[in-house]
1. Normalized C-alpha radius of gyration of segment 182-304, against 2.2 N^0.38 Å?
2. Is any residue of segment 300-323 close enough, with backbone N under 20 Å, to a label point placed 7 angstrom from the Cα of Ser216 along the Cα-Cβ axis, and if so, which?
3. Rounded if a/c is under 1.5, else prolate if a/b beats b/c, else oblate: with a ≥ b ≥ c from the C-alpha gyration tensor eigenvalues square-rooted, which is segment 328-399?
4. Between Thr355 and Ser239, how many nm apart are label points set 7 Å from Cα along the C-beta direction?
5. Just the Kirkwood number for segment 198-397, please: inverse of mean 1/r across all distinct Cα pairs, in Å, one decimal.
6. At a threshold of 8 angstrom on Cα-Cα distance, excluding pairs fewer than six apart, so keeping six or more, what relative contact order does segment 226-294 reach in percent?
7. Equivalent-ellipsoid semi-axes (√(5λ), Cα gyration tensor) for segment 111-252, whole Å, largest first?
8. Using 1/(1 + (r/R0)^6) with R0 = 25 angstrom and r between the beta carbons of Asn173 and Ile136, what's the FRET efficiency to the nearest 0.05?
Amino acid sequence: MKRKVFFIVTLCVTFFTSCSNDESVTPESGQQQTAKIELTLTGANAGTRASGGTAPSENTDEDGNPIGEQKVNNIVVGVFDSYGNTLIIKSVTNPDVSKSASIEVPLVKGTMNGCTAVAVANVPASVVATLNNVKIKSSFIGTIIGLSSSTASSDGEVQVSTNLPMSGNVADNANAQTFTLSPGNTTSDLSVSLVRMVSRITLTGISTNFTGTAYSGATFKLQRVFLRDAIDGTKVTPSTIISEEMSGSYIKGGGTWDNTEKKWTSDINNYLFNVQTAGSEPAIGSSSPIPGTVPYYWFYAFANDGSASPTAFVIQGLFDSDGDGETAAPETVFYPVIVNKTQSGTTYNGDNTGTSTGSISRNQLYNLSVTIRTKGAALPTDNIAPAALSINISVTPWPTAIEQSVAFN
């Protein structure tokens, strides 16, 4: 079962009117109807993917608390009537625990049934501006956030664990996603379950085993890892149906590979690749997990159903067929690992068994441990026979608790 992040929300309705019954009424001139939304979140401070030998979830602050991927930098809440018209859009930056939280929701009539609300967190400034001006719910949930928003705003060179976009529907204890706003009454027991719009794909182990192959004396040195065919955009919709989330084109890290010169000609989407220093690429042997000289590698990616171009974690390195470079010079080869695909040579930990296309979902951790068994592909766009790799995949929900107050001022 997918684990989600819960934001406790209290929705109170304060209506000043002479009407004392439950019938729908229209306010007189000068009267005001308001709804108060109070949010309690949980969060901590920064962490990055740029360096270090531990994954973000293992980083802690000086008090031993996990930091990074649960951080909420801003939040935008949209409240809508039963027709999907916007009642109010409210946003706050840098939530402050010292302030009270409230959103004044105008009611166009005394009792409003079938109201809904959606919350979005860690929204880029340009997208906040778009959300603040939408007039209908479909435009709100259809707004696009780019994968580059998960990078550091200062340079866009690396993804950072504190910029992960999240969204969720407001619902009651019975998981009903509609509620009533009525004068003089309080609507309570509402919550919003925020789900990260990204998954984290991590290479947790890499080794070689050329025994019994035509390359029994081969060696392999790791040069680069990157994502291929990641989706560059996603809708802010809280839907977890992958096809309803996907938006935009397929992108990869690493730029353009010149197969004549055997080198990359540019660094496009450089937040989706990680490179070893030329001349000091670590040799990958039979040991597992990843040697201490190689840090963890992980990337954040949007959901992808895999029907057109499944997302792949690509390993690039120098393959020497005889191990000493005398018979043949080392060659640059590629090992694309299609994430979460059921195929020969791939095993799974836990209950997950992968999918036929290699689809990836929101708010999941995909941990890959790879054993290279033969020579890789010549091009980063090629696919490789499953027998060339032994892959162990662990797929788990991404748990996090949030405790942070949000002040809407």
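Each value in this text was obtained by applying a stated rule to the coordinates, not by laboratory testing. These numbers were taken from a predicted model, which means no experiment stands behind them. Using ideal geometry, Cβ is built from the backbone for each residue, glycine included, and neighbour counts are taken over all protein chains shown.
1. Values: Rg = 21.4 Å, N = 123, 2.2 N^0.38 = 13.7 Å.
Here the Cα radius of gyration is 1.56 times the empirical estimate.
2. 320-323
3. Values: a/c = 2.34, a/b = 2.14, b/c = 1.09.
It is prolate, given that a/c is not under 1.5 and a/b is the larger ratio.
4. The answer from the label model is 1.4 nm.
5. Working: mean 1/r = 0.0580 Å⁻¹.
After inverting the mean inverse Cα-Cα distance, the result is 17.2 Å.
6. On the way: 86 pairs, mean separation 17.0, N = 69.
That works out to 25 percent.
7. Values: eigenvalues 366, 66, 34 Å².
In descending order, the three semi-axes are 43, 18, 13 Å.
8. Working: r = 28 Å, r/R0 = 1.11.
The calculated FRET efficiency here is 0.35.
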